[in-house]
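The values are calculated or read from the model by the stated rules, or taken from the named source; none is laboratory data. Everything quoted here is computed from the prediction, not taken from an experiment. Using ideal geometry, Cβ is built from the backbone for each residue, glycine included, and neighbour counts are taken over all protein chains shown. When the accessible area is computed, the model is the full protein with side chains, heavy atoms only, and any ligands, DNA or RNA have been set aside. Shrake-Rupley method; radii C 1.70, N 1.55, O 1.52, S 1.80 Å.
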Amino acid sequence: MSNKPKIVAVSGGLYKPSRTRVLVDEIVASLGQQVQFDLHVIELADIAAELGSVVNPADLPPHIAAHIRAIENADFLVVGSPVYRATFTGLFKHLFDFVHHEALIDVPVLFAATGGSERHALVIDHQFRPLFSFFQALTLPIGVYASEADFSNYRVSSELLKARIELATRRALPFIQKRQAIGDAETRAAA
Ligand SMILES: Cc1cc2nc3c(=O)[nH]c(=O)nc-3n(C[C@H](O)[C@H](O)[C@H](O)COP(=O)(O)O)c2cc1C
């Protein structure tokens, strides 16, 4: 089994192509320039219809249950969503309603959000952060918010956004390394 930290990236966009997915991918790529990890990506557009039709965890299709397990076993989360009606998408919340309430204790979480304009930039602090505080996750102070104007043809075109991604991932690095050190110590103890 790999000893690399397990990073799970969630993109809450419901359409393809998706700026949110592009942003989440850029964040993951930036992390990848600094540290090695195993990556599990969850794109809600791929599972939206099935996920939306289930309320009882016992009824989750196996591939969605596997996504939930990946989140619950992650060493580090990158979670992103488009802003819909001033918050994350309903299905983004629905996904996390299936996550065990104690599974994310102390797990570092880097937030990302995209909106139509800059007006909802505080969605990260006013919507994402309270949800993950409920989970007792370690919500990282620097999130990444992008508006439609920061993209051209579904690529990040804003230099300010690129710099923000670089800052957020650089500041996230010690948290990943700490999780890696804890994992390494547990592996040694079990040997
Ligand atoms: C149903 C719906 C509601 C939206 N509500 C907001 C909103 O409240 N605030 C905002 O800034 N943008 C809003 N938008 C715009 C999207 O957040 C924005 O286009 C985002 O970049 C889309 O992400 P995606 O490309 O990953 O789908 C909304 C879009 C849709 C479809």
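Just wondering, is there one or more residues in segment 162-177 that are part of a helix (DSSP H, G or I) and modelled with pLDDT under 95? Checked against the condition, which is being part of a helix (DSSP H, G or I) and modelled with pLDDT under 95, segment 162-177 yields at least one hit. Taken over segment 96-109, the criterion of being open to solvent by 30 Å² or more (accessible area, probe 1.4 Å), part of a loop (DSSP other than H, G, I, E, B) and out of contact with any Leu (no Cβ under 7 Å at 6 or more places or on another chain) is satisfied by H100, H101, E102, I105.
Could you list all residues from segment 70-94 that are more than 17 Å from I7 (Cβ to Cβ) and either in contact with a His (Cβ under 9 Å, 6 or more places away or on another chain) or charged (D, E, K, R) (or both)?
V83, R85, A86, T87, K93
Scoring A86 on the criteria (1) free of Cβ contacts under 8 Å to residues at least 40 places away in the same chain; (2) farther than 20 Å from A45 by Cβ; (3) surrounded by fewer than 20 Cβ atoms within 10 Å (Cβ to Cβ) leaves a single failure, condition (1).
The residues listed here are G52, G12; of these, the one that is farther than 23 Å from S158 by Cα and at pLDDT 95 or above is G52. A Cβ distance below 9 Å, combined with a sequence gap of six or more or placement on separate chains, defines the contacts here; from segment 4-30, residues that are farther than 17 Å from A70 by Cβ and of a type in the set (A, V, I, L, M, F, W, C) reach residues that are in a loop (DSSP other than H, G, I, E, B) and within 13 Å of the ligand (Cβ to nearest atom) in the pairs L14/T89; V22/Y154.
Applying a threshold of 9 Å to beta carbon distances and a minimum spacing of six or more residues, or different chains, the list of pairs starting in segment 51-68 at a residue that is small (G, A, S) and ending at one that is modelled with pLDDT of 95 or more reads G52/G90; G52/L91; G52/H94; S53/D59; A65/P57; A65/F98; A66/H40. Of the residues making up segment 96-113, just one is within 15 Å of the ligand (Cβ to nearest atom) and more than 20 Å from L51 (Cβ to Cβ), namely F111.
Considering only segment 110-150, how many residues are assigned to a loop (DSSP other than H, G, I, E, B) and surrounded by fewer than 18 Cβ atoms within 10 Å (Cβ to Cβ)? Lay out the reasoning, then the answer.
Going residue by residue through segment 110-150, those that are assigned to a loop (DSSP other than H, G, I, E, B) are 116-117, 121-122, 135-137, 140-143.
Next, from what is left, pick out any that are surrounded by fewer than 18 Cβ atoms within 10 Å (Cβ to Cβ): 116-117, 121-122, 136, 141-142.
So the count comes out to 7.
All of (1) touching a helix residue (DSSP H, G or I) at 6+ places or on another chain (Cβ under 6 Å); (2) closer than 21 Å to G90 by Cβ hold for E26 with one exception: (2).
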